[in-house]
Structure formats: C-alpha cells, structure tokens
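Bear in mind these aren't lab numbers, they're just calculated from the coordinates by the rules spelled out. Owing to the predicted nature of the structure, the values given are computational and were not obtained by experimental measurement. Because the Cβ atoms are built from the backbone with ideal geometry, glycine has one as well, and the counts that use them run over all protein chains shown.
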Amino acid sequence: MSRRPPFAEWLSQTNDVTRTFLAAGGMADVINLGGGLPEPSTYPAADLARLAHQAVEEHPEDSLNYAPIEGMTALRDLIAKRFSKGPLRVGRGNVLITTGGMQALDLLGKIFADPDSAIAAQSPTYLGALDAWRPRHPVYRPMRLNANDLDAEAALDGARFAYTVPNFSNPTGELVDVTTRRKLVEAARATGTPLVEDDPYGALFYDGPPLPRMLELDAENEGEGEGDYDGPVIYLGSLSKELAPGLRIGWVIAAPEVIGALVLAKQGTDLATSSLSQRIALDALEDGVIERNLPATLDTYRERRSALCAALEAHLSEWFTWEEPVGGMFVWITAKDPRIDTDRLLSAGLDCGVCISPGSVFDPEGTDRRSVRLNFTANPPEVLEKGVERLARAVRGLIA
Ligand SMILES: Cc1ncc(COP(=O)(O)O)c(C=O)c1O
C-alpha cells in the first residue's frame with residue numbers, strides 16, 4: 001500500500017515496549033514468563049469433545065443458530081441460579097452472556113466512557129482493560145487497594161465507573177482484603193458510581209477458602225425479599241481460567257438497567273456470543289465438568305507458584321522483593337536497586353532467552369520502571385527455574 005490508511009488517532013498511542021512484549025511471546029527458544037496463559041494440558045478435552053459432538057448432533061436448533069443477544073436463556077438462568085445465595089438474588093434479567101470477559105470490558109467502555117471521562121482503576125491495571133478503553137480516551141484515577149489511606153469515596157465520586165480485580169489481580173496477583181471490598185461497596189452506594197468487579201481468577205484460590213465477592217457484600221445492603229439485584233456492582237465472570245479460554249464464554253451480572261445498555265452495545269459488536277460455545281458451556285456446567293477437573297488444575301498451579309517463588313528466592317532476592325500470591329497466575333516483583341530499569345530488562349531478558357512483562361504496560365501513565373509481572377501457570381517447575389536463572393543473568397548484565 002503506497003499511502004498509510006487514515007487510521008484513528010488512538011492507534012498511534014501504543015508504544016515500543018508493548019509491541020516488543022507482544023511479539024516476544026511466541027519466539028522460539030525464549031522461555032515465556034511474560035504471558036498470561038493457562039496450562040493447555042489442564043483443559044478437559046475429552047469431556048469437551050463429547051459435549052461439542054452432542055451439542056451439534058442433539059441440539060442443532062440451538063447450537064448452529066444465532067443466539068439471543070442477551071445469551072442463551074438456559075445458560076443465563078443457570079448462572080443466575082448459581083450466583084443466587086444468601087441475600088443475593090440474581091434473575092435472568094441481571095445476566096448477559098459475553099464473548100469472554102474481555103468483551104464485557106469493551107462493552108463497559110462503550111456504554112460509560114466519553115472522551116476525558118474519569119475511570120477510577122485499581123493500580124496497576126489489567127493491560128486488556130487499558131487496551132479496551134484506549135479508543136475512548138479516558139482519564140484514569142489510580143487506586144491503591146488494600147492501603148489504609150485509600151479514600152474510595154474520593155476516587156469514585158464523579159467517575160463513570162470504578163474498575164477492580166479483587167481476586168488475584170492481573171498483573172500483581174494481589175488479593176483485595178474484605179475491609180477494602182466493603183469500603184469500595186460503600187463508596188459505590190454513597191456516590192452512585194458503578195463498581196466493576198472483574199473476576200476471572202475467582203476459582204484459583206490455592207491456600208484457603210474464597211473471600212466474599214463484592215456483589216455478595218453489596219446484596220447485604222439490599223436486604224431480603226426486595227426482588228432481583230439492583231445495586232451498583234457490575235460483576236464479570238469467565239470460564240477461561242476454570243474451563244477453557246477457547247470457548248470464549250464470559251458473563252456480566254448487574255442491575256437490569258445496566259444489562260439493557262450492554263445489550264444495545266453488544267448488538268452493534270457481535271450480535272451474539274457463539275451459540276455452539278454457549279451450548280457446550282451450559283452442558284459442561286450441568287454435567288459437573290468443572291468440579292471434576294478443577295482440583296487437579298489447582299494442584300498443578302499451586303506447585304508451579306511455589307516453584308517460581310523458590311527460584312526467585314534462589315536467584316533474584318538480592319535485587320527484587322515480592323509477595324507469594326495465594327492464588328491466580330502471577331507474581332509481581334519490584335526492583336530494590338534503582339539501576340534496574342524494567343523496560344530495559346525486557347530487552348536484556350530476551351537476549352538471555354527469557355520474556356517478562358515490564359510494569360510500564362500495566363500503568364495507565366506508562367511510568368513504572370521498577371516492576372515485572374511473571375506468570376507461573378504456563379510452564380512446568382524446571383522451566384520456571386531455568387527462566388528465572390536467565391533473568392538473573394540479564395539483571396547482572398544490566399547493572400554491570
Ligand atoms: C483481569 C482480567 N480480566 C479479563 C480477562 C479476559 O479474559 P477472557 O476474555 O478470556 O474471559 C483477563 C484475561 O486474562 C484478565 O486477566
């Protein structure tokens with residue numbers, strides 16, 4: 001093409017670090033600690049093959065047709081039933097099926113954000129969310145959750161919405177404590193600002209029972225017997241980490257008014273999520289596939305988490321600090337030595353055969369040069385150890 005097509009302005013906003021990091025993921029001979037993928041051998045392939053075959057053979061009218069924009073009725077009802085407990089009452093009108101949790105983020109940007117709209121976001125922030133909202137030119141208000149001095153009401157007041165990942169944030173692996181969850185819910189009630197609870201890692205608790213969701217905590221405010229959920233929390237769920245990301249099945253639980261706006265946005269995006277995937281997901285949920293498969297996945301991930309942290313202790317403790325996460329897929333390490341610039345560590349690491357995610361890509365301002373996200377789910381323990389050794393070599397080269 002001789003002339004550059006007239007791309008929209010936001011496309012020029014990605015930077016070299018993001019491009020290098022995205023391109024490095026698939027390089028041969030590079031150990032990828034920078035990605036965020038599950039371990040493919042944990043997917044229940046035999047069960048899903050059986051259910052896929054059954055879906056087309058026994059339910060062609062569902063699985064090969066367009067689905068309703070809101071999602072397949074039986075799947076919405078099943079999700080509503082699974083989430084209704086205690087004072088939380090979820091009805092079909094509270095549920096929208098999405099094409100992965102990622103689509104929910106995109107749709108939220110579409111319904112809430114205009115140019116220069118404020119978004120209060122847990123900082124650092126999931127890269128995919130920053131990508132989804134970049135075309136809308138928002139202004140971010142970073143929130144450090146779990147901090148004693150968090151003024152949630154000030155952060156939320158006047159923002160179009162607040163974005164959080166309370167269970168094992170991507171990128172930090174941080175688990176938001178119950179006090180902070182309550183504080184956020186109260187701030188959302190007081191300010192009227194919608195509070196997004198993005199929860200793709202909620203099934204990946206390795207060392208203890210799950211904490212209550214903000215959606216559940218908020219339902220305590222609504223009281224019993226007042227109908228379906230109508231509060232400010234917008235909960236995003238996904239089957240990507242507990243079943244298989246290739247299905248691309250996610251869902252939103254929110255007040256019916258918000259679901260209605262999301263439906264309008266989804267209509268102009270993909271008309272409907274894949275009917276075939278929805279049918280397989282419905283049958284997998286009814287068949288107990290997740291309950292049968294997840295315990296072994298958790299064992300694999302727990303072992304890998306411990307292996308990565310042991311390798312960090314052995315090879316990087318001189319230069320970095322971190323906290324061992326109790327779930328999720330990531331360890332966030334922060335440099336103690338100011339000579340370590342983690343954008344430069346990305347290139348130095350690639351020269352030594354290891355890919356990392358530098359902290360700057362998760363920072364709405366792009367200024368973090370001290371942190372690194374490391375993934376532990378996609379490689380076995382011995383490869384994680386080798387990757388960390390290579391990273392230590394890269395660090396020595398950088399500060400020599
Ligand atoms: C915090 C967060 N939200 C949403 C997503 C999107 O997941 P999916 O679209 O596969 O459901 C991811 C994926 O890794 C994530 O880390």
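For segment 120-213, which trypsin sites (Lys or Arg not before Pro) pass both filters: DSSP loop (anything but H, G, I, E, B) and at most 16 other C-beta atoms within 10 Å?
On the way: sites: 136, 144, 160, 181, 182, 183, 189, 213; in loops: 144, 160, 213.
Qualifying residues, ordered by number: 144.
Using per-residue counts of other Cβ atoms within 10 Å, averaged over each peptide, order 353-360, 364-371 from highest down.
Those peptides, ordered most packed to least, come out 353-360, 364-371.
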Exercise. Restricting to segment 45-287, what percent of DSSP beta bridges are antiparallel, rounded to 5?
Worked result: 40 percent
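For segment 78-140, what class follows from the C-alpha gyration tensor (a ≥ b ≥ c being the square roots of its eigenvalues): rounded when a/c is under 1.5, otherwise prolate if a/b is larger than b/c, else oblate?
prolate
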For this session: Compute the relative contact order of the chain as a whole-number percentage, counting only Cα pairs closer than 8 Å that sit 6 or more residues apart in sequence.
Result: 23 percent
For this session: Have a look at the DSSP beta bridges in segment 92-223 and tell me what percent are antiparallel, nearest 5.
Result: 10 percent
For this session: Please report how far the C-alpha centroid of segment 262-339 lies from that of segment 108-167, rounded to the nearest whole angstrom.
Result: 21 Å
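How about segment 182-252: which GluC sites (Glu not before Pro) there lie in a loop by DSSP and see at most 16 other Cβ atoms within 10 Å? Spell out each step's value before the answer.
Numbers: sites: 186, 197, 216, 220, 222, 224, 226, 242; in loops: 224, 226, 242.
Taking segment 182-252 and a limit of 16 other Cβ atoms within 10 Å, the loop GluC sites (Glu not before Pro) found are 224, 226.
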For this session: Specify which residue in the list 256, 78, 32 is farthest towards the positive end of the charge dipole of the chain, using unit charges on the beta carbon of Lys, Arg (+1) and Asp, Glu (-1), about the Cα centre.
Result: 32
Seminar exercise, completed: Here the percent of antiparallel bridges among DSSP beta bridges lying wholly in segment 187-300, to the nearest 5, is 50 percent
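Within the chain, what is the longest stretch that has no chymotrypsin sites (Phe, Trp or Tyr not before Pro) placed in a DSSP loop and near at most 10 other beta-carbon atoms within 10 Å?
Values: sites that count: 7, 66.
After excluding every exposed loop site, the longest remaining stretch is 67-400.
List 275, 41, 117 from most exposed to least, where exposure is judged by having the fewest other Cβ atoms within 10 Å.
Values: 275 21, 41 10, 117 17.
The order, fewest Cβ neighbours first, is 41, 117, 275.
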Exercise. Helix 45-58: angle to the longest alpha-carbon principal axis of the chain, degrees 0 to 90, nearest 10?
Worked result: 30 degrees
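If packing is taken as the mean number of other Cβ atoms within 10 Å per residue, what is the order of 85-92, 169-176, highest first?
Working: 85-92: 17.0, 169-176: 24.2.
Top of the packing list down: 169-176, 85-92.
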For this session: Work out the length of the dipole vector of segment 1-128 about its Cα centre, built from +1 on the beta-carbon of each Lys and Arg and -1 on the beta-carbon of each Asp and Glu, and round it to the nearest 20 debye.
Result: 340 debye
Problem set entry | Where GluC sites (Glu not before Pro) fall in DSSP loop in segment 273-355, at most 10 other Cβ within 10 Å | 318
Exercise. How much length is gained if the chain between residue 347 and residue 45 is pulled fully straight, taking 0.36 nm per residue apart and subtracting their Cα-Cα distance, in nm to one decimal?
Worked result: 105.1 nm
Problem set entry | the chain: most fluctuating residue of 94, 148, 167 per GNM, C-alpha cutoff 10 Å | 148
For this session: Could you tell me which of 346, 146, 273 has its Cα farthest along the dipole of the chain towards the positive end, charges placed at Cβ (Lys, Arg +1; Asp, Glu -1), taken about the Cα centre?
Result: 346
Exercise. What angle, in degrees between 0 and 90 and rounded to the nearest 10, separates the Cα long axis of helix 256-267 from the longest principal axis of the Cα atoms of the chain?
Worked result: 70 degrees
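I'd like the FRET efficiency for residue 3 and residue 53, computed as 1/(1 + (r/R0)^6) with the beta carbon distance as r and R0 of 35 Å, rounded to 0.05. Provide the component values of the computation, followed by the final result.
Values: r = 49 Å, r/R0 = 1.41.
Calculated transfer efficiency: 0.10.
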Exercise. Simple spin-label model, 7 Å along Cα-to-Cβ: residue 261 to residue 314 in nm?
Worked result: 5.2 nm
